[in-house]
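Attaching a single structure in structure tokens format; questions to follow.
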Amino acid sequence: MNLSDRTIEEMLYCADQPAEAIRWRGTTQSDGWREPLKSGQGFRHRYGEGVGDGGWEFHQLNDALSVAVVDFRAACPISRSHRHDDHLVFCAMLEGRSTISAGDDPIGDDLAHGFCTYFGLSRGDAVHTVYEANRPLRYVSIFLRCDRIQDVLGIDVDALPAIFRDYIHHRTPIGLSHVPLGSGASIAATQVFECPYEGELRRLYLIAKALEIVCSVIQSHAEDVDANGPMLRRTDIEKIKLARQLIETNLDEPLSVADLAATVGMTVKKLQHGFQVLFRGSVGQVYKQVRLSKAMVLVSKSDMSMLDIAIECGYECPGSFARAFKLAYGSSPTLVRTSTLPRNVGESAFAQAG
């Protein structure tokens, strides 16, 4: 199913309309319907039954910063294009995976759980996303208007890493880039779905969480990757992506770095360098983040025992799992599950808001 293109201008326009103007249903929205948020400037978009289960919310937090909160399961494969002219976009993926490409990129890439994908494209260029059928997706997208970034972040643009500075000043495109979600950013993204406030406090809370995620990505560029590492060719990039997929599909029986490199046909040095370039972390760091991200989903959204979760996420015993989980998220898995018990498993954040 191909859905119509979506633009940041359209979303901002809808968010700025009076409540009566966006009470659209069925015939007005080809893929579902929209309704205004009671707790602030924005709207909730619910997909129609033939498109999928769930939807997303759009919050215009101020005139430079907006957030989309997505909780969705497609009923059939869906293809969609998004255009975000003059905006930096950060997508913090908590659950699921979608294929994404930008411009004429022949390789394409993935929005994958445990990572933040960010980009800034030339005016008129779009990102193209394919949503697989029956695959849950939970992620937070942050939109920063480039001409107001200094006001939002409160720091001089020239103090930012070159990749962001060049886009803001000269619109030098930033292709699809990825960093593992650090523990702080992962918690911040999860808390967006669990905001306990309404009205103005909700807006301030969402601003704080969005900026925390953005800051974590900016910080990742403060630690420069060795520019003299081995050159990565297209075939190398494909092998590195395959290695990441092997990590995610073998959490219960993880491969060593040497075995992983041999399986995809690379040297350990080149694989490690490739992970730093593509994912801004070593193989071990990416593995740790992926399994902890999966653990958070299983703890908060399933009724699996802690022993089963530990085994499925590659931990030898519940004790080591509990220690790693608490170190990453600041709370034990038992307390996290207890705090989510009042919510129904799989309950959408957008069903709670408003």
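What follows is calculated from the coordinates using simple rules that are stated; it is not laboratory data. Note that the structure is a prediction, hence the values are computed from the model and not measured. Positions of Cβ are backbone-derived with ideal geometry, glycine not excepted, and every protein chain shown enters the neighbour counts.
More than 30 Å apart: what percent of Cα pairs in the chain qualify?
Beyond 30 Å sits 37 percent of the P(r) for the chain.
So, one more: Over all distinct alpha-carbon pairs, what is the Kirkwood Rh of region 234-340 in angstrom?
Taking the inverse mean of 1/r over all distinct Cα pairs, region 234-340 comes out at 14.5 Å.
Follow-up. Which of the lysines could be linked to residue 326 by a straight reach, that is with a Cα gap under 24 Å, when you skip same-chain ones fewer than 8 residues away?
Output for residue 326: 209, 288, 294, 301.
More than 20 angstrom separation, counting every C-alpha pair in region 124-224; what % is that?
Value for region 124-224 (Cα pairs over 20 Å): 49 percent.
Another question about this same structure. What aspartates and glutamates does residue 270 reach when the alpha-carbon gap must be under 14 Å and sequence neighbours fewer than 8 apart in one chain are set aside?
Cross-link targets: 226, 236, 238, 259.
Which of the aspartates and glutamates could a cross-linker bridge to residue 38, judged by Cα under 14 Å and excluding same-chain residues fewer than eight apart?
16, 20, 57, 198, 200
Which distance in nm do the two modelled labels at residue 253 and residue 148 give, with both placed 7 Å along the Cα-to-Cβ direction?
5.3
Obtain the nm distance between the two label points defined at residue 320 and residue 125 by a simple spin-label model: each point lies 7 Å from its Cα along the Cα-to-C-beta direction.
According to this spin-label approximation, the distance is 4.3 nm.
On to the next question. What are the ³J(HN,Hα) couplings of region 141-156, residue after residue, when phi is run through the Karplus curve with 6.51, -1.76, 1.60 and θ = phi - 60°? Round to Hz, x for glycine and proline.
10, 10, 10, 10, 6, 5, 6, 10, 4, 4, 5, 6, 7, x, 10, 5
Pop out the ³J(HN,Hα) list for region 302-312 in order, Karplus 6.51 cos²θ - 1.76 cosθ + 1.60 with θ = phi - 60°, rounded to Hz; leave Gly and Pro as x.
9, 10, 4, 5, 4, 5, 5, 5, 4, 5, 5
Right, next: Which value results when the Cα radius of gyration for region 166-309 is divided by 2.2 N^0.38 Å?
Computed over Cα atoms of region 166-309, the ratio equals 1.23.
If you don't mind, there's one more thing I want to ask. Spelling out what I want: for every residue of region 205-221, take phi, set θ = phi - 60°, compute 6.51 cos²θ - 1.76 cosθ + 1.60 (Karplus), and round to whole Hz; glycine and proline get x.
5, 5, 4, 4, 5, 4, 5, 5, 5, 4, 4, 5, 6, 4, 4, 4, 8
Three principal axis extents, largest first, for the C-alpha atoms of region 59-189, in Å?
44, 34, 25
Follow-up. Among 299, 131, 52, which residue has its Cα furthest toward the positive end of the charge dipole of the chain, with +1 on Lys/Arg Cβ and -1 on Asp/Glu Cβ?
299
On to the next question. Just how large is the dipole of the chain about the Cα centre, in debye to the nearest 20, putting +1 at every Lys and Arg Cβ and -1 at every Asp and Glu Cβ?
About 440 debye.
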